[in-house]
Amino acid sequence: MRLRIDPVFVFENPVLQRELLVNLRTHRAFFLLALYQVLLAAVVLVAWPTDEKLDLTQNPPSARKLVDLFFLGQYVLASLMAPSFAAGTITGEKERKTYEMLLASPLRPTAIVFGKMVASLTHLGMLIVASLPIIVLCLPLGGVSIYEVLAAYLGLIVSVVCFGAIGVACSSYFGRTSASLVVSYLVILPLVMLGVLFWTSLEQEGALRLNLAITVIPAFGIALVLLLCANAAARMLYPPDMGSEGKEVVDLDREAETAVGLVIQRDQFPDKLFAPPRRRELMADGANPVYDKEIHSEIFSQGTLMLRLVIQISMLLAIPLMALLLFARSHLCAFYTVYVVVFNMLVGPVFSAGSVTGERERQTLDLLLTTTITPWKILWGKLVAGFRISAVLTSFLLWPLLLATLMVPQYWTNWLAVLSFFAIVLMVCLVDSVVALFCSTVFHKTSTSLMATYLSLLILYVAPVAAVLLMGILNFSPETIDASRWWGVASPFVAAISVPLNADLSLDGSEIANAGDLSLLAAYFGVSICLLASMMGIMIWLFRARWRVSGD
């Protein structure tokens, strides 16, 4: 279809007006604005040059480093925030059971999609514009011109709009915000990495970077946004079959016939490990009905589109990483484990973050608690169901590591390191599932639970590593950097880098590939086990307290 936006629907768009009023008046809007400014100001404050005398005539490297670090930090933050605003624009209507009413309104699909996307990105645009005073403080240091700053902001805005369009397009294909959010992150994350690589690789080519930022990037960005918005509008113009309460009717047999690429056969191995077919016979005596319901019906009630996309995108990214990190540069094999951990961080929580909040949203939690099923069985059933699917999907990415171990003789003398990588990934799968289930127990909405899970994992896993990297960029003393590595005692990224590798995996074989730190590796497993025990204890206590109240 042809994408056409009437000016009337731009300035008098009821969807846009309603979404702006709802989004910009929430406490979250003011909190995010304050948090965003504080984080960027902290980056500038920490990275501010400490030279007693700055040479403003020859592009001081400290000033340019500060500006580059500011833009990279803002680019990563804004890019990771864009899906959280846009991925629930249309799925939110489906979850609130207002999607059919929206389709029946006199608004054209282009107006609806335009209003949804602009409203979802307006708050993020305000955050970006609000950072201008901070970057203005850096301009007197020299090393960068005002034109480079404007070009960087143009590229930043175009990138955020593109990522928002990806989120809206994913939102039109799924019935749940969690599924839309996960697929959006899987698509956007490689693009964010390419953007960072582009910015850093052209650090010494200011004129070329400026020209690309104001010509090529906006052209490709606008074309991508138009295509994605046209696709989302077309799905609203010709919507799929809708059932009761505005839910999309999913025929698994028809979905398998029309699927492009991977087809999941739910009755065959290994597909039945993560997408088992519906039960056709009675459950065995003593079986956990909560686990049976979750694994056979609840998770896959919206079809297998999300699973198919997750598997195909992750395997597509794994092929070049496997060739580079496991075979061509085997001394960097720990970074392939980092990729697997990132995958589970994005995908694993979606299967557990709605376990309890879903019961609240369907108003069935009190009914579940009044049954004879104990709180431990309820938690065990929901946890194992989410963990099983998360672990099986993640194990698909571990096959290249096992294949490299069997094919490359250098790995044979590092079999303990390979086992450590497998153990780290297994622990990550378990921790991610428990954290997601914990957030689902504490919060009342699935979307809030999922975002809280991602935020918790970022603080546990990424924040310590980012702090150490920032210290290295800012030339902190080696003693300070070495001591700060213990901040990441709960981070699997730090644990993976701490795995020792002998000289067989080094480039020239003359020295060990990685000295590692066994004490830090052991501390990671110890802290993770304590964290798991603490969260499980709190959840059992909360369920028992609620169980007693319901029983009364």
Tabulated pairs, segment 259-276, first over 15 Å from PHE396 (Cβ atoms) and modelled with pLDDT of 75 or more, second open to solvent by less than 60 Å² (accessible area, probe 1.4 Å) and not in a loop (DSSP other than H, G, I, E, B), C-beta under 7 angstrom, 6+ apart or interchain = PRO276/ILE295; PRO276/HIS296
Among the residues of segment 439-454, is any under 14 Å from VAL347 (Cα atoms), in a helix (DSSP H, G or I) and of a type in the set (A, V, I, L, M, F, W, C)?
-> yes
When you go through PHE422, PHE387, PHE396, PHE476 one by one, which is the residue that is out of contact with any Phe, Trp or Tyr (no Cβ under 7 Å at 6 or more places or on another chain) and outside any helix (DSSP H, G or I)?
-> PHE476
Can you tell me which residues in segment 394-419 are of a type in the set (Gly, Ala, Ser) and either closer than 22 Å to GLN312 by Cβ or more than 32 Å from the chain's Cα centre (by Cα) (or both)?
-> SER395, ALA404
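Pick from VAL216, VAL168, VAL225, VAL182: which is of a type in the set (Val, Ile, Thr) and surrounded by fewer than 19 Cβ atoms within 10 Å (Cβ to Cβ)? Break it down stepwise before answering.
Numbers: VAL168 fails: surrounded by fewer than 19 Cβ atoms within 10 Å (Cβ to Cβ); VAL225 fails: surrounded by fewer than 19 Cβ atoms within 10 Å (Cβ to Cβ); VAL182 fails: surrounded by fewer than 19 Cβ atoms within 10 Å (Cβ to Cβ).
Just a single option satisfies the conditions, and that option is VAL216.
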Name the single residue, out of those in segment 8-23 being over 31 Å from the mean Cα position of the chain (by Cα) and open to solvent by 80 Å² or more (accessible area, probe 1.4 Å), that is modelled with the highest pLDDT.
-> GLU12
Hits in segment 96-127 (condition: assigned to a loop (DSSP other than H, G, I, E, B) and surrounded by fewer than 15 Cβ atoms within 10 Å (Cβ to Cβ)) = ARG96, LYS97, THR98, SER105, PRO106
Taking segment 504-540, which residues are open to solvent by 50 Å² or more (accessible area, probe 1.4 Å), free of Cβ contacts under 8 Å to residues at least 40 places away in the same chain and within 20 Å of ALA417 (Cβ to Cβ)?
-> ASP508, SER510, GLU511, ILE512, ALA515, LEU518, SER519, ALA522
Filter segment 355-413 down to residues that are touching a residue at least 60 places away in the same chain (Cβ under 8 Å) and acidic (Asp, Glu) and give me whichever is nearest to ALA503 (Cα to Cα).
-> GLU361
Would you check which residues across segment 232-258 are open to solvent by 60 Å² or more (accessible area, probe 1.4 Å), over 17 Å from LEU305 (Cα atoms) and either modelled with pLDDT of 60 or more or among the polar types (S, T, N, Q) (or both) and list them?
-> LEU237, TYR238, SER244
Please work out which one of (1) in contact with a Leu (Cβ under 9 Å, 6 or more places away or on another chain); (2) over 18 Å from PRO492 (Cβ atoms); (3) open to solvent by less than 40 Å² (accessible area, probe 1.4 Å); (4) not in a loop (DSSP other than H, G, I, E, B) is the condition ALA353 fails and give its number.
-> (4)
Among the residues of segment 199-206, is any crowded, with 19+ Cβ neighbours inside 10 Å and touching a residue at least 60 places away in the same chain (Cβ under 8 Å)?
-> no
Please work out which one of (1) within 26 Å of LEU460 (Cα to Cα); (2) touching a residue at least 60 places away in the same chain (Cβ under 8 Å); (3) open to solvent by 10 Å² or more (accessible area, probe 1.4 Å) is the condition TYR339 fails and give its number.
-> (2)
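How many of the residues in segment 461-471 are without any contact (Cβ under 8 Å) to a residue 40 or more places away in the chain and open to solvent by 40 Å² or more (accessible area, probe 1.4 Å)?
Going through segment 461-471 one residue at a time, the tally reaches 5.
For residues that are hydroxyl-bearing (Ser, Thr, Tyr) and either part of a helix (DSSP H, G or I) or open to solvent by 60 Å² or more (accessible area, probe 1.4 Å) (or both), scanning just segment 479-503, find the one that is nearest to LEU520 (Cα to Cα).
Pass one, segment 479-503, residues hydroxyl-bearing (Ser, Thr, Tyr): 480, 484, 491, 498.
Checking which are either part of a helix (DSSP H, G or I) or open to solvent by 60 Å² or more (accessible area, probe 1.4 Å) (or both) leaves us with 480, 484.
Numbers: THR480: 16, SER484: 12 Å.
Within segment 479-503, the match that is nearest to LEU520 (Cα to Cα) is SER484.
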Would you pick out the residues in segment 45-66 that are among the hydrophobic types (A, V, I, L, M, F, W, C) and either farther than 16 Å from VAL136 by Cβ or modelled with pLDDT under 70 (or both)?
-> VAL46, ALA47, TRP48, LEU54, LEU56, ALA63, LEU66
Does LEU326 satisfy the condition of being touching a Phe, Trp or Tyr at 6+ places or on another chain (Cβ under 7 Å), farther than 20 Å from LEU430 by Cα and modelled with pLDDT under 90?
-> yes
If we keep just the residues of segment 122-138 that are over 24 Å from LEU16 (Cα atoms) and not hydrophobic (A, V, I, L, M, F, W, C), which is farthest from the chain's Cα centre (by Cα)?
-> PRO133
Would a scan of segment 445-456 turn up a residue that is open to solvent by less than 10 Å² (accessible area, probe 1.4 Å) and charged (D, E, K, R)?
-> no
One residue from ILE295, ILE319, ILE313 being open to solvent by 50 Å² or more (accessible area, probe 1.4 Å), touching a Pro at 6+ places or on another chain (Cβ under 9 Å) and either modelled with pLDDT under 85 or in a helix (DSSP H, G or I) (or both) = ILE319
Can you tell me which of LEU212, LEU227, LEU150, LEU208 is part of a helix (DSSP H, G or I) and within 23 Å of VAL113 (Cα to Cα)?
-> LEU227
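The values are calculated or read from the model by the stated rules, or taken from the named source; none is laboratory data. What you see is a predicted model; the values in this text were computed from it and never measured. Here Cβ is always computed from backbone atoms with ideal geometry, including for glycine, and neighbour counts include all displayed protein chains. Ligands, DNA and RNA are excluded from the accessible area calculation, which covers all protein heavy atoms including side chains. Shrake-Rupley method; radii C 1.70, N 1.55, O 1.52, S 1.80 Å.
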